[in-house]
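Participant: Handing you a structure now.
Just so you know, all these numbers are worked out from the coordinates, no wet-lab data involved. Keep in mind that this is a model prediction, so the values were computed, not measured. Counting neighbours? That spans all protein chains shown, and the Cβs are built from the backbone with ideal geometry, glycine included.
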Amino acid sequence: MLRKTCRGLFALLLLVLEWTRPGLPSPLRPICDLRVLNHFIQEARDAEVTMKSCREGCGLTEAAFVPQTTVNFEDWEKKNAMEQAQEVQTGLWLLQQALGLLRTSMTNSELNSHIDSVIRNLQSITAVLRSLNFQEYTPPASTVGLEGTWQVSTAAELLQVHLNFLRGKVRLLLLDAQACRQEAS
Amino acid sequence: MFVQLDIQVYREGIQIHNRSLLIELLFLLDPPKNVTVSSTGHQGQLNVSWVAPTLKYMDDSMIYEVLYAPADSHVGQVEAIQACSEMILRGLEAGTKYRVQVRVNLDGITYDGYWSAWSDPVFTETLPAELDPLIVSLTFIISFILVLLCLTMFLSHHRFLIKKLWPAIPTPDSKFQDLFTVYGGDFKEWLGQTSGSLWLTSPFILSEECPSPLEVLSELNLCPPLSSPPLPPKASKALALVRNEDRVLNKGLLDRESVDKVDALQTNGWRTPLHDHWLLDRLREFQQHPVPRSQCSLLECQDTYITLSGNKCTEEEHTEDTLEEALPPGVLFASRKPPKSESHSDLGSVQQSSGSGNLSSQSSFEYPNNAWMAKDPGYTYMAVADSGVSMDYSPMSRADDIGKVVIYANDYKNEIPPHRRSFLVRQYPVHDDV
């Protein structure tokens, strides 16, 4: 009788402790499904297509720095995960800056919606990366003079670079993310 | 990759082509290798598997199309699948040989390209058709139940079905005793031998008729003029006729040969049942009057007897029959002679057949069949009792005597059809058509 009571009380205690466990914030669940990225890529493509048909009011007022999008599988594989992550995060930051610049100089209302969605998507990608346990990125002081950047002067070029970047490096990074590999295995 | 590639083609220093492209969007892959088709173990299914092209980082970007068709058919079906290198085909025919091919492409989001060529066809036969035990057992049960139902229905209605399928053909054997068995269908003989009266009278008996006979004997002296002032016209006719008969007969119808006078009272008036009652009353009156039997006896034998029976409940058809039967005795004419001057009827339109001048026993009966038929069948008509027969025609005992009627043949030259001659001089009640 006493033993039963003890067991019951012990179980109750465990329950309570578990419930009120002092807390580290639980880590984000890793987003390993690439369909999210595919959706972003498709929206970026729609924006680029729309931008190509734009004649007026859709130009950059000043040159913007964008990441290089060239991908060589052998070269990519030589880099370690941290370098890859760094490269991708830098590129994302640069694109965010450039798109912000484009947004301010945009007068075409139709394209505004596209640009806005693209900017939102970039923020979502950043969150995805964070969920995959990549280290926090500390942006540099300015965009000027960074390595591995290009300079674009038109909105069309900017969006094209953006699209290629997503399809290339970002995708490769997500595809090979350690967290996802661990989950799969 | 992922960067624009500019291509310029020069020939002899002159640019002939210039193009910018992204190479990750222009893939043309080889068809999938090692396509294998196997059975899944289920009816109408096949399992197809292949090896994807070996490209890094593009496995999940590949889409495949599987083409399958019966081996002898040209038109096939295509099933698409993404990022998976095996597939199960369903809905196939059992026991047929199928041809399967596969091709690959990229999905176009990150990478894009063109469809590869179809792989080499692979032939496989599906499992042969099996009888599903459940279906077989259900079929058996349902058919068994149906058979049971049919049997039950048949047994419960077998009489009805037999009657419908093989309807009984009525034969007259039951009505004609011994006609077919003894006499072999010879009607004349049968009539002569047996009591055919049964046949003739049974319908009368059975038909629930109530004959109300009126018998008028020629020799009866219906002397007291019946004082019946407001006679119904038809009754007056009857009376008049009776009186006429009296006088006519008395004038000289004692002759045997002329006895065959037929008085057909063809007046339409005989038909009403009211007059039947009246006639019956008259008869009773007559009965009460003493009739000299001695006088009557001879005449009874020889004279014409007029018997009328008014029916209250005759049937139309029966009357027709009796009409036909009564015809041969040859007593029935419809004579359309104008009323005789002898008529004392109050009505001038009374039709009378005095007959005296019209008939003789050997003479042909004026027997217009057509005329007879043309008239309403509801005539009272009479049977003539020929000479040599003593028949008691008292109205009361009439029913009893019906069975005693004797048949005798007469050579009447008349238009009566031969087969009816055996009916001559039959005595049977005459029915009104009421």
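Participant: Using a 10 angstrom Cβ neighbour count of at most 16 plus a DSSP loop assignment to flag exposed trypsin sites (Lys or Arg not before Pro), which longest range of chain A is free of such sites?
Facilitator: Working: sites that count: A:Arg55, A:Lys79.
Between the exposed loop sites, the longest stretch runs A:80-185.
Participant: How large is ³J(HN,Hα) for each residue in the range B:96-102, as worked out from phi by the Karplus curve 6.51 cos²θ - 1.76 cosθ + 1.60 (θ = phi - 60°), to whole Hz, x for Gly and Pro?
Facilitator: Running phi through 6.51 cos²θ - 1.76 cosθ + 1.60 with θ = phi - 60° gives 10, 8, 10, 10, 10, 9, 9 Hz.
Participant: If a cysteine in chain A has no other Cys Cβ under 4.7 Å from its own Cβ, put it on the list, ordered by number.
Facilitator: Lacking a cysteine Cβ partner under 4.7 Å: A:Cys6.
Participant: Please order A:His162, B:His157 by the number of other Cβ within 10 Å, starting at the fewest.
Facilitator: By the 10 Å Cβ count, ascending: B:His157, A:His162.
Participant: Sticking with this structure for a sec: Give, in nm to one decimal, the length gained when the segment between B:Glu189 and B:Ile141 is fully stretched (0.36 nm per residue of separation minus the Cα-Cα distance).
Facilitator: The B:Glu189-B:Ile141 span can extend by a further 10.7 nm.
Participant: Where does the charge balance sit around B:Ala83 when Lys and Arg score +1, Asp and Glu -1, over other residues with C-beta under 10 Å from its C-beta?
Facilitator: Value of the local net charge: -3.
Participant: Further question: Given a Förster distance of 51 Å, report the FRET efficiency between B:Leu165 and B:Leu134 from their Cβ-Cβ distance, rounded to the nearest 0.05.
Facilitator: For R0 = 51 Å, the calculated efficiency reads 0.85.
Participant: Further question on the same structure: Pairs A:Lys78/B:Lys33; B:Lys164/B:Lys188; A:Lys79/B:Lys56: which exceed 27 Å Cα-Cα?
Facilitator: A:Lys78/B:Lys33; B:Lys164/B:Lys188
Participant: A further question follows. Please give, to one decimal in nm, the separation of the simple spin-label points placed at B:Ala69 and A:Arg3, each 7 Å out from Cα toward the Cβ.
Facilitator: 7.7
Participant: Based on the Cβ-Cβ distance of B:Ser39 and A:Ser124, what FRET efficiency does E = 1/(1 + (r/R0)^6) give at R0 = 41 Å, to the nearest 0.05? Present the calculation step by step, with values, prior to reporting the outcome.
Facilitator: Numbers: r = 46 Å, r/R0 = 1.13.
Given R0 = 41 Å and the Cβ-Cβ separation, E is 0.30.
Participant: For A:Met82, put the label point 7 Å out on the Cα→Cβ axis and report which residues of the range A:107-146 keep their amide N under 14 Å from it.
Facilitator: Residues A:134-138 fall inside that zone.
Participant: For the range A:106-112, take each phi angle, set θ = phi - 60°, evaluate the Karplus expression 6.51 cos²θ - 1.76 cosθ + 1.60, and give the result in whole Hz per residue in order, putting x for glycine and proline.
Facilitator: 7, 10, 6, 5, 5, 6, 4
Participant: Would you mind ranking B:Trp118, A:Trp76 so that the residue whose beta carbon has the fewest other beta carbons within 10 Å leads the list?
Facilitator: Listed from fewest to most nearby Cβ atoms, that is B:Trp118, A:Trp76.
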